[in-house]
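Everything below concerns the one structure shown next.
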Amino acid sequence: MSRTSASLVLSAPGPSCPLTNSYTYHSSTPTALGPYILGVDEAGRGPVLGPLVYGVAYCPASWKTDLEQLGFADSKTLTAEKRAQLLGVLNSDPQNLGWSVRVISPQAISAGMLRIPPTNLNKQSQDATVLLIRDVLQRGLQLSEVYVDALGNTTTYEAYLSSQFPGISFTVTTKADSKFKIVGAASVAAKVTRDACVDSWTFEELIEEDDNAASKAQKENWNREFGSGYPSDPKTQIWVKNSLDPTFGFPSIVRFSWTTVKVILEKSAHSVKWIDEGQESLVKAFEGGKGREKDRCIVTKDLGIQSIGTL
């Protein structure tokens with residue numbers, strides 16, 4: 001996808017807007033009578049670069065036969081041109097079709113995974129899914145069936161979603177994007193949005209840079225030859241290696257929480273000591289415990305402080 005094409009994807013920030021915070025985008029709300037079916041899928045779970053995007057698509061349950069004829073499928077099996085065409089199809093019938101995406105920024109992914117205690121990618125994905133379903137319900141649509149591409153243990157996740165949304169029938173399964181057309185539609189929305197976010201990426205770090213030799217050299221390294229964004233891709237590996245600033249690390253398109261990035265930082269970046277001399281014991285007192293004392297630091301243990309569920 002070219003930068004020009006990416007700028008036409010309304011669910012992406014656009015070529016001049018840095019992606020600094022996570023956000024949600026909704027199409028127009030369908031007006032056909034319900035109840036509705038809804039599909040959930042994601043794009044960008046594994047890459048070391050760019051956002052993770054969760055997408056949902058929805059249509060009346062009575063419109064399911066019409067949906068089958070539109071050509072939706074697992075977005076990974078489609079060309080970029082076909083995916084762009086299908087996003088147009090999603091927008092072509094606002095009476096019956098709607099879609100939404102939750103774009104989780106690389107900074108949010110890293111901040112969640114590196115905090116103590118960490119919010120792992122499964123939990124961030126789960127939160128995005130719940131948020132999107134709630135948003136659709138709050139827009140006045142009645143949901144009868146929701147189909148979700150598998151995340152972790154399918155039985156456990158299905159039970160969790162059912163507890164969050166009583167009265168809705170949930171199906172969580174592997175390969176849902178190839179089994180259910182409504183999930184295929186969600187897959188297309190997520191994939192096209194993520195590709196547009198990456199292809200039109202604006203490096204916020206360079207917006208206010210002085211026009212000096214060092215800045216020019218850095219801009220040359222921060223090109224858009226990202227490759228697929230996956231850690232195993234040689235093109236991506238070269239880009240990540242060349243984009244490192246030994247003092248400030250990587251631009252914000254990089255997920256700092258990925259092992260690939262941690263290894264490069266430990267090997268090639270300047271080491272930094274963040275605490276004053278003599279403060280190690282104080283820092284240690286607030287570190288999380290291990291084993292049965294997991295998530296409790298020494299201070300809370302000594303003071304007999306415990307977490308409570310309700311007041």
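The values are calculated or read from the model by the stated rules, or taken from the named source; none is laboratory data. Bear in mind that the values here come from a model prediction, so they are computed numbers and not experimental data. Positions of Cβ are generated from backbone atoms using ideal geometry, with glycine treated the same way; all protein chains shown enter the neighbour counts. Surface accessibility is based on the protein's heavy atoms, side chains included, excluding ligands, DNA and RNA. Shrake-Rupley method; radii C 1.70, N 1.55, O 1.52, S 1.80 Å.
Note the full-extension length gain between residue 155 and residue 272 as 0.36 nm times their separation in residues minus their Cα-Cα distance, in nm to one decimal.
37.7 nm is the gain from fully extending residue 155 to residue 272.
What percent does the relative contact order of the stretch 23-200 come to when contacts are Cα pairs within less than 8 Å and at least six residues apart?
This gives 38 percent for the stretch 23-200.
Compute the signed sum of charges (Lys and Arg +1, Asp and Glu -1) over the other residues within less than 13 Å, Cβ to Cβ, of residue 104.
Once positives and negatives cancel, what remains is +3.
How many nm is it between the label spots at residue 62 and residue 144, if each spot is 7 Å from the Cα in line with the beta carbon?
1.0
So for the pair residue 81, residue 122, with labels modelled 7 Å out along Cα→Cβ, what separation do we get in nm?
If labels sit at residue 81 and residue 122, their model points lie 4.1 nm apart.
Skip the ligands, DNA and RNA, and give the accessible area per residue of the stretch 23-200 with a 1.4 Å probe, whole Å².
On the way: 6990 Å² over 178 residues.
Spelled out: the 1.4 Å probe surface of the stretch 23-200, per residue, equals 39 Å².
Per the 1.4 Å probe, what fraction of the accessible area of the stretch 114-184, in percent, lies on carbon and sulfur atoms?
Answer for the stretch 114-184: carbon and sulfur cover 49 percent of the accessible area.
Compute the distance in nm between two label points, each set 7 Å from the Cα along the Cα-to-Cβ direction, one at residue 302 and one at residue 134.
3.8
Once you charge only the Cβ atoms, +1 for Lys and Arg and -1 for Asp and Glu, what is the size of the charge dipole of the stretch 1-138 about its Cα centre, to the nearest 20 debye?
The dipole of the stretch 1-138 has a size of about 400 debye.
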